[in-house]
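A.B. asks: The following block contains the structure, expressed as structure tokens.
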Amino acid sequence: MPILLALKDCFKSFGGQEILQGANFQINDGQKIAILGRNGSGKSTLLKIILGEEEMDGGDLIHHQDLRLGYLRQHDPFLPGETVKAFLMRDSGQADWRCGEVAAEFAIKGPMLDQEVKSLSGGWQTRVKLAALLLHDPNVLLLDEPTNFLDLRTQLLLEHFLQSYRGALVLISHDRRFLKSSCKWTCELRNSRLTLEPGDVDNYLDRQRERREHAIRQNENLTTKRDQLQKFVDSNRANANTAAQARNKARQVQRLNEQMHDVEELQSRAMQIRIPEVERRKGTALTIQDLSIGYDDH
């Protein structure tokens, strides 16, 4: 599979907080990738870098010559009074029959094509955005929390569409079931670095848990052996007859320390929130008199 996009040695920080530190990432043709990471870890920033909306502090972003990015916009791209068909034709530059054909994939048919887009519910407006996205024929889709504010029917329709979509996909979502059903690769943004592995999100998290448990067991064994050696060093370093032996054991202790796994690197850093102490006050906090709220006719 050709590499459609590659991110190499990417560095990005905001106000001294490192978001990406020498991160590497690539998207192959047809590869569907779920992005994991805690809130504030930089998942949306990663997508903005890929889209070219956010500059890197360092690194390279390499595009294949045939790359066609598609991004599901969160903002409202519709003009006042614009119908569904008019928006699709304006946005894509495609003929009305082609717009209607693609819109039908999302159950947008008949009279609905002539409805004003802004009169539709949020779920239907998302369907219109998805149809517009497809009309541009992207080979890489970037979706950031696409199920937010969607009704169940639209969410299921989107899920079915992503399962049958033949292009590449990069998906951010807090819905683990949605990630699992849509993606066969998992990339985690943890401690400013990206880890990409084959397998759905459940398989990835299971492997992470197993790696951490294995590292903890190894550390326990190494600690027991190290403590035994250190005890010998402490007892014999001052003895002329055993000083050389103690120095040799001390070097072994150093090697064991170097073999210890950094277990904290196998899990995301917890966010530290400090609540400042405030002076307690007594008395009335707020007083309202003669309040009126409303509009001219209500």
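The values are calculated or read from the model by the stated rules, or taken from the named source; none is laboratory data. As the structure is a prediction and not an experimental result, all values here were calculated from the model. Note that we place each Cβ from the backbone using ideal geometry, even for glycine, and neighbour counts take in every protein chain shown. Surface accessibility is based on the protein's heavy atoms, side chains included, excluding ligands, DNA and RNA. Shrake-Rupley method; radii C 1.70, N 1.55, O 1.52, S 1.80 Å.
A.B. asks: Once every DSSP H run of n ≥ 4 in the chain is given -39500 (n - 2.57) and the sum is divided by its residues, what mean residue ellipticity at 222 nm do you get, rounded to the nearest 500 deg cm²/dmol?
C.D. replies: Calculated at 222 nm, the ellipticity per residue is -12500 deg cm²/dmol.
A.B. asks: Sum up the charges of everything whose Cβ sits under 14 Å from the Cβ of THR224, counting Lys and Arg as +1 and Asp and Glu as -1, but leave THR224 out.
C.D. replies: So the environment of THR224 carries a net charge of +2.
A.B. asks: So if I take the centroid of the Cα atoms in the range 95-128 and the same for the range 1-34, what is the distance between those two points in Å?
C.D. replies: 34 Å
A.B. asks: Taking the Kirkwood radius as the inverse of the mean 1/r across Cα pairs, report the Rg/Rh of the range 51-185.
C.D. replies: 0.98
A.B. asks: Working out 0.36 nm times the residue gap between HIS63 and LYS118, then minus their Cα-Cα distance, what length gain in nm do you get to one decimal?
C.D. replies: Separation in residues times 0.36 nm, less the Cα-Cα distance, equals 16.3 nm.
A.B. asks: P(r) for the range 135-221, please, calculated from all Cα pair distances in 5 Å bins and given in %.
C.D. replies: 3, 12, 19, 22, 16, 11, 7, 4, 3, 2, 1, 0
A.B. asks: Another question, if that's okay. Just the number, please: percent antiparallel of the DSSP beta bridges in the chain, rounded to the nearest 5.
C.D. replies: Counting DSSP beta bridges with both partners in the chain, the antiparallel share is about 55 percent.
A.B. asks: Within the chain, what whole-number % of the accessible surface is contributed by carbon and sulfur, with the 1.4 Å probe and all protein chains included in the calculation?
C.D. replies: 47 percent
A.B. asks: Ok, one more. How would the range 170-298 be classified by its alpha-carbon gyration tensor: rounded, prolate or oblate, with rounded meaning a/c under 1.5 and the a/b versus b/c comparison settling the rest?
C.D. replies: Here the range 170-298 falls in the oblate category.
A.B. asks: Excluding residues fewer than 8 places away in the same chain, name every one of the aspartates and glutamates whose C-alpha is closer than 17 Å to that of LYS12.
C.D. replies: GLU53, GLU54, GLU55, ASP57, ASP60, GLU188
A.B. asks: Show me the ranking of peptides 56-67, 201-212 by mean Cβ neighbours inside 10 Å, starting with the highest.
C.D. replies: Taking the mean over residues of other Cβ atoms within 10 Å, the ranking is 201-212, 56-67.
A.B. asks: In cubic angstrom, how much convex hull volume per residue do the alpha carbon atoms of the chain span?
C.D. replies: It is 247 Å³ per residue.
A.B. asks: Another question, if that's okay. Determine, from the Cβ-Cβ distance of TRP97 and HIS75 and an R0 of 35 Å, the FRET efficiency 1/(1 + (r/R0)^6), rounded to the nearest 0.05.
C.D. replies: 0.80
A.B. asks: While we're looking at this one, here's another question. Rolling a 1.4 angstrom probe over the protein heavy atoms, how many square angstrom per residue are accessible across the range 1-110?
C.D. replies: The answer is 51 Å² per residue.
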